[in-house]
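> Below are the structure tokens for one structure; questions will follow.
What follows draws every value from the coordinates through simple rules; no lab data is involved. Just so it is clear, the structure is predicted and the values come from calculations on it, not from any experiment. We place every Cβ from the backbone using ideal geometry, glycine too, and count neighbours over all the protein chains shown.
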Amino acid sequence: MISGSAVTKDTKKAMELNTVEGAFAVAADNLAAPYLGLFALALGATPSQIGMLTAFPNFMGNILQIPSALLAERLKDKRQLIIAGGILNRSSWILMAFLPFLFAHERRVSIVILLATFRIMAANLGVPAWTALQATLIPKSIRGKYYANRNMVLNTCAVLATLLANFLLRLEFPTSYRVLFLLTTILGLLSVYLFSKIVFDQTPPKAKTASTDSYVEKIRAFTKEIGSQKDFSSYVVSAIVWSFGIQMASPLFVVYFVEDLGGPAGHWALFAAVNLASMVLIQRYWGRLADFFGQKSVMMVSGLGIITLPLWWVFSPNTWFPFIIHIVNGVFWGGYNLAAFNLLLEVTPDQDRSVYVGVYNTMMGVATAVGPLVGGFAAEVVGLRPIFVASAVVRALALYLFYRNVTDTSGRRMRARDLVPGQRGRRSLPGA
């Protein structure tokens with residue numbers, strides 16, 4: 001997967017296990033999570049409730065990330081938080097399969113929202129620690145290549161899981177979802193077990209020091225420290241606007257497909273498979289570009305494509321056109337997600353990285369909570385298509401802020417012809 005000369009034997013083994021664990025985790029996620037909105041629709045959810053199904057979990061899940069990040073910095077083994085959160089997260093799908101049906105019909109969607117919120121809170125408990133551990137495990141010089149290869153494996157497993165989900169969704173409701181949620185639990189718990197076996201070279205825990213400063217003074221001091229990290233603070237601001245623009249429309253695409261275009265719910269699993277397949281095929285392409293031209297260049301190019309995606313839905317003429325949308329979606333998001341994660345590792349300082357990641361994710365939690373609420377409630381007033389257009393405008397604003405304010409550290413300028421594989425080789429792009 002990665003050249004043996006770049007890493008030690010033990011590190012290479014840990015990196016390989018890191019990929020295997022991720023494969024189980026992603027397979028588990030793609031068996032159930034993409035269809036939670038469909039599950040809620042089958043229980044009678046409205047567009048505003050679909051918005052809440054995204055908003056509440058995102059907000060509550062991310063609001064706890066700063067406390068969990070502070071705790072992670074004081075733990076000798078950061079894996080403890082990740083494992084505890086993973087067990088709670090994966091086990092919650094069993095409750096999702098049966099608990100809503102113990103309540104009256106009009107309360108079932110509310111129970112699903114509560115369970116989804118608990119699941120994301122548990123899952124996000126270890127995110128700052130996990131991100132910090134990834135930075136210590138993967139050398140910066142090969143992150144683009146490693147995560148591109150890792151994502152190929154993960155997305156391949158996600159495609160297989162999605163195809164299985166498409167088959168299982170043909171079963172009678174609610175048996176179909178109960179089988180999905182049970183399999184998700186099993187695969188998810190296996191991923192937690194595998195993660196517990198990965199050996200990380202962890203930084204020493206941060207000692208608790210005596211201080212006469214008040215809590216407010218400590219917050220002010222840390223806020224000032226964040227302000228001194230210009231690229232980090234600029235990245236956070238642009239990402240807040242970006243996430244808001246994404247989330248005000250994305251949860252509503254499935255509603256538009258089922259209720260406006262009249263598409264069958266089972267096709268949504270096929271769309272997810274097409275989306276993931278295109279991500280698999282494009283990962284190495286984006287990974288090589290990221291290692292050579294830097295993360296910002298890849299995010300700019302792929303981001304321009306992502307801006308247009310809501311407009312594709314606006315002009316979708318029939319129920320098969322979303323297949324094309326999801327192919328394009330996978331190509332652009334495959335590059336953006338890869339580069340965005342690597343850039344986050346670059347703009348966060350080694351010291352207190354978990355805390356910085358916690359701050360970042362908390363801010364994203366606010367944006368991804370407000371976005372679906374605004375989009376969901378506004379859609380009930382003005383309809384879905386105006387929300388899609390507004391989403392494209394907000395995405396464009398966010399990408400402009402990112403372009404203007406975040407530093408490009410690569411020192412290499414990407415040109416249009418560099419996107420063509422045959423042309424890239426002339427500039428000595430590694431592996432091209």
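> Could you put GLU21, GLU346, GLU172, GLU380 in order, starting from the residue whose Cβ has the fewest other Cβ atoms within 10 Å? If you can, show how the numbers build up before the last one.
Details: GLU21 20, GLU346 17, GLU172 6, GLU380 12.
So the residues, fewest neighbours to most, are GLU172, GLU380, GLU346, GLU21.
> Continuing with the same structure: Could you compute Rg(Cα) / (2.2 N^0.38 Å) for region 138-189, with N its residue count?
On the way: Rg = 15.6 Å, N = 52, 2.2 N^0.38 = 9.9 Å.
Cα Rg divided by the expected 2.2 N^0.38 Å: 1.58.
> Strictly over 28 Å apart at the Cα level, which of LYS76/LYS230; LYS78/LYS145; LYS197/LYS224; LYS78/LYS224; LYS197/LYS296; LYS12/LYS224 would you flag in this model?
Details: LYS76/LYS230 30 Å; LYS78/LYS145 25 Å; LYS197/LYS224 38 Å; LYS78/LYS224 26 Å; LYS197/LYS296 34 Å; LYS12/LYS224 38 Å.
Over 28 Å Cα-Cα: LYS76/LYS230; LYS197/LYS224; LYS197/LYS296; LYS12/LYS224.
> Tell me which of GLY334, PRO349, TRP313 sits at the most positive position along the dipole axis of region 268-362, charges placed on C-beta atoms (Lys, Arg +1; Asp, Glu -1).
The Cα lying farthest towards the positive end belongs to TRP313.
> Distance between the C-alpha centers of region 340-395 and region 282-339? Whole Å please.
Here the answer is 17 Å between Cα centres.
> Testing the spin-label approximation: label points 7 Å from Cα along Cα→Cβ at GLU225 and ASP408. State their distance in nm.
Inter-label distance under the simple model: 3.2 nm.
> Going by how many other beta carbons lie within 10 Å of each one, how would you line up ASP352, ASP10, fewest first? Intermediate values should be presented prior to the final figure.
On the way: ASP352 19, ASP10 10.
With the sparsest Cβ surroundings first, the list reads ASP10, ASP352.
> Which whole-Hz couplings ³J(HN,Hα) result when phi for each residue of region 147-154 is put into the Karplus expression 6.51 cos²θ - 1.76 cosθ + 1.60, θ = phi - 60°, listed in order with x for Gly and Pro?
3J(HN,Hα) across region 147-154, in whole Hz: 5, 5, 5, 4, 5, 4, 5, 4.
> Quick check: convex hull of the Cα atoms in region 265-420, volume per residue, rounded to a whole Å³? Numbers along the way, then the final one.
Numbers: hull volume 21.9 nm³, N = 156.
Convex hull of Cα atoms, per residue: 140 Å³.
> Answer with one residue from LEU115, GLN134, SER176: the one whose Cα lies farthest towards the positive end of the charge dipole of region 113-205, charges on Cβ with Lys, Arg +1 and Asp, Glu -1.
Final value for the positive-end residue is GLN134.
> Can you tell me the dipole magnitude for region 1-153 around its Cα centre, using point charges on the Cβ only (Lys, Arg +1; Asp, Glu -1), in Debye to the nearest 20? Write out the running numbers ahead of the final one.
On the way: 15 positive and 7 negative charges, 88 e Å.
Charge dipole, region 1-153, about its Cα centre: 420 debye, nearest 20.
> Okay, next question. Could you give the alpha-carbon Rg of region 162-203 over 2.2 N^0.38 Å, rounded to two decimals? Mind dumping the intermediate values first?
On the way: Rg = 15.4 Å, N = 42, 2.2 N^0.38 = 9.1 Å.
Relative to the rule-of-thumb radius for its length, region 162-203 sits at 1.69.
> Order these by the 10 Å Cβ neighbour count, fewest first: MET60, MET15. Present the calculation step by step, with values, prior to reporting the outcome.
Details: MET60 18, MET15 21.
With the fewest neighbours first, MET60, MET15 line up as MET60, MET15.
> Further question: Report the extension gain between PHE103 and LEU304 in nm, rounded to one decimal, defined as 0.36 nm multiplied by the number of residues separating them, less their alpha carbon distance. Mind dumping the intermediate values first?
Details: separation 201, 0.36 × 201 = 72.36 nm, distance 4.52 nm.
Full-extension gain reported as 67.8 nm.
> Work from the charge dipole of the chain (Cβ charges, +1 for Lys and Arg, -1 for Asp and Glu, about the Cα centre) and give the residue of ILE198, ALA416, ILE240 farthest towards its positive end.
Final value for the positive-end residue is ALA416.
> Also: Could you give the length gained on full extension between LEU160 and TYR400, defined as 0.36 nm per residue of separation minus the Cα-Cα distance, in nm? Show your work: numbers first, answer last.
Values: separation 240, 0.36 × 240 = 86.40 nm, distance 3.65 nm.
Computed gain between LEU160 and TYR400 is 82.7 nm.
> Here's another thing I want to ask about it. Rg and Dmax of the chain, Cα atoms, in Å?
Looking at the chain, its Cα Rg and Dmax stand at 21.3, 66 Å.
> Further question on the same structure: In nm, give the distance between the simple-model label positions of ASP77 and PHE323, each being 7 Å from the Cα along the Cα-to-Cβ direction.
The modelled label-to-label distance comes out at 4.9 nm.
> Given the convex hull of the Cα atoms of region 52-152, what is a quarter of its surface area in nm²? Mind showing how you got there, number by number?
Numbers: hull surface 32.0 nm².
With every direction weighted equally, the projected area is 8.0 nm².
> Continuing with the same structure: Take the alpha-carbon centre of region 129-208, take the same for region 65-81, and report the distance between them in whole Å.
Between the Cα centres of region 129-208 and region 65-81 lies a distance of 20 Å.
> Another question, then. Among 136-144, 327-335, 182-190, how do they line up from the highest to the lowest mean number of other beta-carbon atoms within 10 Å?
Details: 136-144: 17.9, 327-335: 21.6, 182-190: 19.4.
Most protected by this proxy first, the peptides run 327-335, 182-190, 136-144.
> Give the dimensionless ratio obtained when the Cα radius of gyration of region 27-105 is divided by 2.2 N^0.38 Å.
Numbers: Rg = 15.6 Å, N = 79, 2.2 N^0.38 = 11.6 Å.
Dividing the Cα Rg of region 27-105 by 2.2 N^0.38 Å gives 1.35.
> Under a crude label model (7 Å from the Cα following the beta-carbon direction), how far is ILE94 from THR8 in nanometres?
3.9 nm
> Compute, for the chain, the length of the dipole vector about the Cα centre, with Cβ point charges of +1 (Lys, Arg) and -1 (Asp, Glu) only. Units Debye, rounded to 20.
Values: 38 positive and 22 negative charges, 238 e Å.
That gives the chain a dipole magnitude of about 1140 debye.
> How far, in nm, would the chain grow between ALA42 and ILE186 when pulled straight, counting 0.36 nm per residue and subtracting the alpha carbon separation? Walk me through the intermediate numbers first.
Details: separation 144, 0.36 × 144 = 51.84 nm, distance 2.43 nm.
Extra length available between ALA42 and ILE186 comes to 49.4 nm.
> At R0 = 45 Å, how high is the FRET efficiency between ASP260 and LYS197 if r is their beta carbon distance? Nearest 0.05 is fine.
Working: r = 47 Å, r/R0 = 1.05.
It comes out at approximately 0.45.
> Same structure, new question: In deg cm²/dmol and to the nearest 500, what is the mean residue ellipticity at 222 nm of the chain if only DSSP H runs of at least 4 residues count, each as -39500 (n - 2.57), divided by the residue total? Write out the running numbers ahead of the final one.
Details: 17 runs with 315 residues, N = 432.
Per the formula, -25000 deg cm²/dmol.
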